[in-house]
Amino acid sequence: MDERFDLVYRLLDDQLVDVDGRRCGRVDDVELTGAAGEPLVVTGLLTGRGAYAARLPARWRRLARALFGRDVRGSTARRVPWTEVSDVGVTVALRRRAADLGLDGDDWRPLDRVPGG
Amino acid sequence: MKAVLQIALGIIAAIGGFVDIGDLVFNSQAGAVFGYELMWAVPIGVLGIGLYAEMCGRVAAVTKRPVFDVIRMRLGLTTGLIVLVASLFVNLLTVAAEIGGVGLLLQLFFDAPFTLFALLGALALATIIWFVPFEGLERLFGYAGLALFVFVAAALYLGPDWHSVARGFVPEAKSSTLYWYFVVGLVAAALMPYEVYFYSSGAVEERWGPGDLRVNRLNAVIGYGIGGLLSLGIMVSAAQLFAPAGVSPDHLGTVPLLAQVPFGETGLLLALLGMLFAIGGAAVDASFAGAYSIAQFAGWEWGKYRRASGAPRFTLAWLLFFALGLIVLMTGIDPLDLTEYSVVLSVVALPLTYLPVLLIARDRTFMGDHVNGAIAGSLGWVYFVVLVVVAVVAIPLLLATNAGAG
Amino acid sequence: MSAGVIKLSRLLELRVEAEDGTPVGRVHDVRVRRVDGRYEVEGLIVGPRGLLVRLGWRRARQRDVLAWKDVMAVDPDRLVVRRANSSARRM
C-alpha cells in the first residue's frame, strides 16, 4: 500500500478481493473516525447496496432508499474494518476469506446441486 | 505452431460471430432499397467496432478491468449507475430481438406459434450455455456463423456491376431521410455495445495478459474486418436480387432467398444455418453482456469460468435476461421493429460507455507502455465525435422515417 | 468535539466555505497518509464544481489541497475552513 493516496481516486468504487482471490463486492463508502481539529482516521470500508443511497445526490435519496434499501448493517451493507485490508492496488485485497468477513452474500448453495454450469 | 493455430481459430470464430440480427436486417434492407449506395456506411461501422474492441481488449488484458469495471471506477456510483441502467435497457432489447430472430427462423421449419419457438430457442440456448465452457461457446456459434459466407458467394456469383459497387463506397450526401436512417442503422448495427462488453469480459475470462495484445489486435482487425465482408455480402446480394424486384425484406424469412436463388437448396440451408447460429450466438453474447455489466458494476463474482455455483448472482443475471427477453417478445412486438429499436437506441447509449474506455486507454498510469499509440489515439477521438453525431441524430431519424417504413 | 464516524460520502457532498462564508468549492477527494500504521486524513482536495466533475469524472485538472488541520467544523451541510487561500496549495 502506498504511503499516501487519495480515497476517491484509489479506494472508492474499487473491487474487493478476498484472500482466495474471490471477488466480494466493491468499496461503496469509506468510514472515517475523528473530528474537525483532531486526527481523522480511516477505520473501515462499507460495501453493499445499502450504502448506495448515501452516495447518490440528496434529492434522489428517498428514491434510492426505496430501490436499493436502507443501510442495514449485516444485511444490505457490511462494514469491513480497515485492519482487514492487506493492500490497495488494482483491487482492494483483504486478509481473510469473504465468508469470514461476512461478505459471502453472493453464495447460493442451491446452485451447487445443479450439474454442469 | 499450435499457438498460431489457436489464434487463427479464435479469429475465425470472431469472423463468424460478427453478424447479428441487426446487421442482417439493416444490410438486407439497405441493399434492397438503396442498392449499392450505402456500401460506404459499413466500413465506417466495422472500423469503429474494430477500434473500440481493440481498446477494450487492450485495457482488459493490461489492467484486468473489463468495461463496466472501468466505468464504475472512473465515473463513480452516480454517473456509473445511469450508464448501467441505460446499457441494461438496450441490452435487454437486443436480447429480445435476437431471441425473436431465432424464433422467426425456427418458425420457417414448423407451423406453430411464434412464442413457442421463441421459448424453445431460449431454452436451447440457455442449456447450451449451461453445459458448454466459455471458449467452446465462442467456437460453436462462431464456426457455424461462417455459413453466412454463402451470401458473399451469392453476391459474387450473381455478378454485380462492379463499377456501381465501387461507387457505393463513396459517400453521397443525399437528401433522403430514409437514406440517413440507414446510415445510422448500418453503423449502429456494426457497433453494438454488447459485443464490446462481452469481448472485454471474455478477455478476462480467458486470462489475457500483456502477451495477448497481438492476438487482441488481430481479432479486432482481421476478425471484425473480414466479418464486415459478411455484411457487405448481404447488402450486395440484396442489391442484386431485391432491389430490381422492388422487394423490401420485411420478414426475416426472405433473407435466405438471397442464397437460394443462386445456389438452390444448399444455399438456403447454409443461409438458415448461418443465420440461426449467428443470431443465437448474439443472444448468448447479449445476455452475458448484461450479466457482466451488472455483476462488474456491483462487484459480484462473475464469469463462466467460475461455474454457476461460483458466481451465483452472475448466473441468475443472465438467466433473468433470457427470461425478460422472452417477456418483451410476449408483448407481441414485431421482432424486426424490435431489432431496429434495439440497434438505434444502442447507438444512443454508446458514447457513454465509449468515452471512459477511451480515456483509460490513453492514460499512462493505467496502461504503462501499452497506452494508445498515434493511430488509436487520433482515431479514437475522431470516432468519439462520429459516435456523438450518430447518437444525436439517431432517434430523430428513427421517428422521422417511422423506423425505416419510409 | 468528540470523535465520531464521518463517512466519505458525507464529506464529498459538502460545500466548503471559509469562516466568513466565502465559498471555496467542493470536496473532490480526500488525501490520506500513513502515520504510525494508521491512515490519517492529511488534506482535502477541494475545487470548483466544473462540468466534468458534475459528470463524475475523477481527477479534475486543477486541485487545491486543504490541510485537515485547517478544517474548523463539519456542519450538516457545509465544511468550514480557516484561512482558505493561504493554506491551499496548488497541485
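What follows is calculated from the coordinates using simple rules that are stated; it is not laboratory data. The shown structure was predicted, so the numbers you read here are calculated from the model rather than taken from an experiment. Cβ atoms come from the backbone with ideal geometry, glycine included; neighbour counts cover every protein chain shown.
Report the Cα-based extents of chain B along its three principal axes, largest first, to the nearest Å.
Principal-axis extents of the Cα atoms in chain B, largest first: 56, 49, 47 Å.
In whole Hz and in residue order, list the ³J(HN,Hα) couplings for the range B:353-360 that follow from phi through the Karplus curve 6.51 cos²θ - 1.76 cosθ + 1.60, θ = phi - 60°; x for Gly and Pro.
The phi angles translate into 8, 6, 4, x, 5, 4, 5, 6 Hz.
Per residue of B:304-315, count partner chain C-beta atoms within 10 Å of its C-beta, then hand back the mean as an integer.
Numbers: counts 1, 0, 3, 4, 7, 9, 6, 6, 9, 5, 2, 4.
Mean partner-chain Cβ count within 10 Å for B:304-315: 5.
Just subtract the alpha-carbon distance of B:THR177 and B:TYR305 from 0.36 nm times their residue separation and send over the number in nm, one decimal. Kindly include the intermediate steps, with their values, before the conclusion.
Values: separation 128, 0.36 × 128 = 46.08 nm, distance 4.62 nm.
Extending this stretch completely gives an extra 41.5 nm.
For chain B, what does -39500 (n - 2.57) per DSSP helix run (n ≥ 4), summed and divided by total residues, give at 222 nm, in deg cm²/dmol to the nearest 500? Walk me through the intermediate numbers first.
Working: 18 runs with 317 residues, N = 406.
So the calculated ellipticity at 222 nm is -26500 deg cm²/dmol.
Between B:ALA8 and C:ARG38, what's the calculated FRET efficiency when r is the beta-carbon distance and R0 is 56 Å? Round to 0.05. Kindly include the intermediate steps, with their values, before the conclusion.
Values: r = 55 Å, r/R0 = 0.98.
That pair, B:ALA8 with C:ARG38, gives E of 0.55.
Give me the inter-chain shielding for A:51-58: mean count of other chain Cβ atoms within 10 Å, whole number please. Numbers along the way, then the final one.
Numbers: counts 3, 5, 1, 7, 10, 5, 2, 2.
Rounded to a whole number, the mean comes out at 4.
What is the spin-label model distance, in nm, from C:ARG49 to B:ALA124 if the labels are put 7 Å beyond Cα along the C-beta direction?
5.5
In whole Hz, what ³J(HN,Hα) sequence does the range B:93-100 give by Karplus (6.51, -1.76, 1.60; θ = phi - 60°), x for Gly and Pro?
Those phi angles translate into 4, 5, 4, 4, 5, 5, 4, x Hz.
Choose one answer from B:GLY57, B:GLY253, B:GLY380: the residue with the largest mean-square fluctuation in a GNM of chain B with alpha-carbon springs under 10 Å.
Checking each option, the largest mean-square fluctuation is seen for B:GLY253.
Using only the Cα atoms of the protein assembly as shown, what semi-axes does the equivalent ellipsoid have when each is the square root of 5 times a gyration tensor eigenvalue? Give whole Å, largest first. Numbers along the way, then the final one.
Numbers: eigenvalues 463, 134, 90 Å².
That gives 48, 26, 21 Å for the three semi-axes.
How many lysine pairs does the protein assembly as shown hold where the Cα atoms are under 28 Å apart and the two sit 8 or more places apart or on different chains?
Numbers: B:LYS2/B:LYS64; B:LYS2/B:LYS304; B:LYS64/B:LYS304; C:LYS7/C:LYS69.
Lysine pairs satisfying the spacing and distance rule in the protein assembly as shown number 4.
Place a label point 7 angstrom from the Cα of B:PHE134 along the Cα-to-Cβ direction, then list the residues of the range B:42-65 whose backbone nitrogen is under 13 Å away.
The answer is B:60-61, B:64-65, whose backbone nitrogens lie closer than 13 Å to the label point.
Roughly what % of Cα-Cα distances in the range B:168-278 sit above 19 Å, to the whole percent?
Working: 3698 of 6105 pairs.
Tail of P(r) above 19 Å: 61 percent of Cα pairs.
For the pair B:VAL170 and A:ARG73, what calculated FRET efficiency results from E = 1/(1 + (r/R0)^6), where r is the Cβ-Cβ distance and R0 = 51 Å, to the nearest 0.05? All intermediate terms of the calculation are to be shown ahead of the outcome.
Details: r = 64 Å, r/R0 = 1.26.
It comes out at approximately 0.20.
Sum -39500 (n - 2.57) across every DSSP H segment of at least 4 residues in chain A, then divide by the residue count to get the 222 nm mean residue ellipticity, nearest 500. Intermediate results must be reported in sequence, preceding the final value.
Numbers: 2 runs with 12 residues, N = 117.
Estimated from H runs of four or more residues: -2500 deg cm²/dmol.
I need the calculated FRET efficiency for the pair C:ARG82 and B:ILE375, taking r as the beta carbon distance and R₀ as 60 Å, to the nearest 0.05. Kindly include the intermediate steps, with their values, before the conclusion.
Numbers: r = 52 Å, r/R0 = 0.86.
After rounding, the FRET efficiency stands at 0.70.
May I ask you to derive the relative contact order of chain B, considering only C-alpha pairs under 8 Å and at least 6 residues apart, and to give it as an integer percent? Working shown, then result.
On the way: 669 pairs, mean separation 146.5, N = 406.
Across chain B, relative contact order equals 36 percent.
With the crude spin-label approximation of a point 7 Å out along Cα→Cβ, what separation in nm comes out for B:VAL389 versus B:LEU269?
Computed distance between label sites B:VAL389 and B:LEU269 equals 4.7 nm.
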